[in-house]
Amino acid sequence: MSDIRITNCHTHLFHARHVPEDYPYPALKPFKKMPWLIKALAFGARLIGQHSAAEKLDRLYRFQQETDADSQRDILDNMRRHYPSDTRFVVLPMEMSAFGFGAPEVPLSAQHNELAKLAGDPDVGRSVIPFATIDPRADPQATELWRAIDGLKFRGLKLYPRLGFAPDDPVLMQHVYPRLEELNLPVMSHCSRGGVQGRYLSDYWADRYTEPEAFVPVMRAHPKLRICLAHFGGQRDWDAYVNPDRKNPLDDAFYRNWQVAIRRMIGSGNYPGLWTDISYTLFQFEDYAPFLRIFLTGEDEEGERLRSRVLFGSDYYMTRQEALSEKAVCFRLRNILGEEIFRQIAEENPAKWLGEA
């Protein structure tokens with residue numbers, strides 16, 4: 001294989017102490033404190049012949065073990081085993097103090113500090129590209145965000161609107177985007193119908209805050225801002241696209257498909273700062289990878305635009321819930337896309353999105 005320096009543009013290192021104890025349900029506390037209960041349930045499922053359920057429980061156990069890590073360094077070490085030694089990882093923290101489940105044990109400032117220390121580690125720091133995060137309801141002056149960027153030298157911003165805020169929230173429009181544009185720093189935003197959701201937020205408003213069109217006011221006001229809508233719309237919308245015969249009149253994914261919207265928005269050329277990544281979604285590899293290859297090999301102008309705006313990302317460690325490993329997906333993706341396109345999405349495009357090229 002040719003020498004490609006991979007940049008994984010979507011990874012996480014936050015752990016259980018960065019997450020409120022009551023999330024997602026207080027009833028799950030025993031499983032968090034005694035993860036061996038999950039293994040016991042998996043063993044019981046196998047005894048009664050429920051092997052599919054047992055496999056899902058095994059994957060849940062792997063995920064739980066990851067979240068119980070003592071430090072972000074432990075999770076980074078686990079992730080690096082799946083990649084060549086020179087791979088870089090954009091690390092995206094989470095602010096989970098204002099979405100209705102109480103405050104986590106470790107506040108965001110400490111999470112940022114630990115990540116900054118990791119990025120400065122002489123052994124592994126070269127592989128870490130730290131991003132800062134904000135929930136505008138928790139930090140209306142963006143004080144912690146700018147401490148991380150100005151003081152700790154973080155390289156971009158992670159947003160998670162599904163927690164309960166709009167991308168064009170006044171705090172972001174007034175105190176965040178103008179200066180990010182000035183500093184030439186990128187934005188990564190969750191863009192999937194799944195994931196973490198505000199406790200008192202309806203599915204309707206969670207989708208309205210998260211959908212691709214929600215960023216149109218931001219992109220119009222800040223056309224030079226590089227915004228990546230993560231997950232290429234998400235697995236639910238990919239599934240609706242791949243299986244149109246399963247149309248559900250109550251499922252918005254069939255009528256307002258986010259994967260299709262992202263492709264059209266990028267392909268139109270009307271949003272030059274819009275990017276997307278393939279994190280988590282492509283872990284349903286057999287179902288979706290052939291479609292991705294067709295999208296990225298188009299020879300018309302729309303195909304060229306899309307190819308230049310897709311980033312490689314995995315969403316580790318969320319993907320520990322899936323059957324395929326990071327290494328397996330990466331190799332399969334490299335094989336099906338070919339060296340030229342894989343290099344573009346894993347090396348060339350990330351450098352442009354990060355402002356390095």
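The values are calculated or read from the model by the stated rules, or taken from the named source; none is laboratory data. Everything numeric in this text was worked out from a predicted model, so none of it was measured. Cβ atoms come from the backbone with ideal geometry, glycine included; neighbour counts cover every protein chain shown. Side chains included, ligands, DNA and RNA excluded: accessible areas come from the protein's heavy atoms. Shrake-Rupley method; radii C 1.70, N 1.55, O 1.52, S 1.80 Å.
Here's the yes/no breakdown for (1) in contact (Cβ under 8 Å) with a residue 60 or more places away in the chain; (2) closer than 20 Å to GLN344 by Cα:
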residue: LEU250; (1), (2): no, no
residue: PHE254; (1), (2): no, no
residue: TRP258; (1), (2): yes, no
residue: ALA261; (1), (2): no, no
residue: GLY269; (1), (2): no, yes
residue: GLY273; (1), (2): no, yes
residue: THR276; (1), (2): yes, yes
residue: PHE283; (1), (2): no, yes
residue: ALA289; (1), (2): no, yes
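Considering every residue within segment 153-163, establish whether at least one is within 20 Å of LEU274 (Cα to Cα), modelled with pLDDT of 95 or more and open to solvent by 10 Å² or more (accessible area, probe 1.4 Å). Yes: segment 153-163 contains one or more residues that are within 20 Å of LEU274 (Cα to Cα), modelled with pLDDT of 95 or more and open to solvent by 10 Å² or more (accessible area, probe 1.4 Å). Report yes if some residue within segment 246-253 is open to solvent by less than 40 Å² (accessible area, probe 1.4 Å) and at pLDDT 95 or above; otherwise report no. Taking every residue of segment 246-253 in turn, none turns out to be open to solvent by less than 40 Å² (accessible area, probe 1.4 Å) and at pLDDT 95 or above.
Each row is one residue, and each column tells you yes or no for (1) farther than 19 Å from HIS12 by Cβ; (2) under 17 Å from the mean Cα position of the chain (by Cα).
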| position | (1), (2) |
| --- | --- |
| LYS117 | no, no |
| THR133 | no, yes |
| THR143 | yes, no |
| TRP146 | yes, no |
| LEU152 | no, no |
| PRO161 | no, yes |
| ASP169 | yes, no |
| MET173 | yes, no |
| ASP203 | yes, no |
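Scanning segment 265-302 for residues that are open to solvent by less than 50 Å² (accessible area, probe 1.4 Å), part of a helix (DSSP H, G or I) and out of contact with any strand residue (DSSP E or B) (no Cβ under 7 Å at 6 or more places or on another chain) gives GLY267, SER268, THR281, LEU282, PHE283, PHE285, TYR288, ALA289, LEU292, PHE295. Scanning segment 169-187 for residues that are buried (at least 19 other Cβ atoms within 10 Å of the Cβ) and of a type in the set (Asp, Glu) yields a single hit, ASP169.
Residues that are closer than 28 Å to TRP353 by Cα, of a type in the set (D, E, K, R) and out of contact with any Asp or Glu (no Cβ under 7 Å at 6 or more places or on another chain) were ranked within segment 202-245; the one that is least open to solvent (accessible area, probe 1.4 Å) is ASP237.
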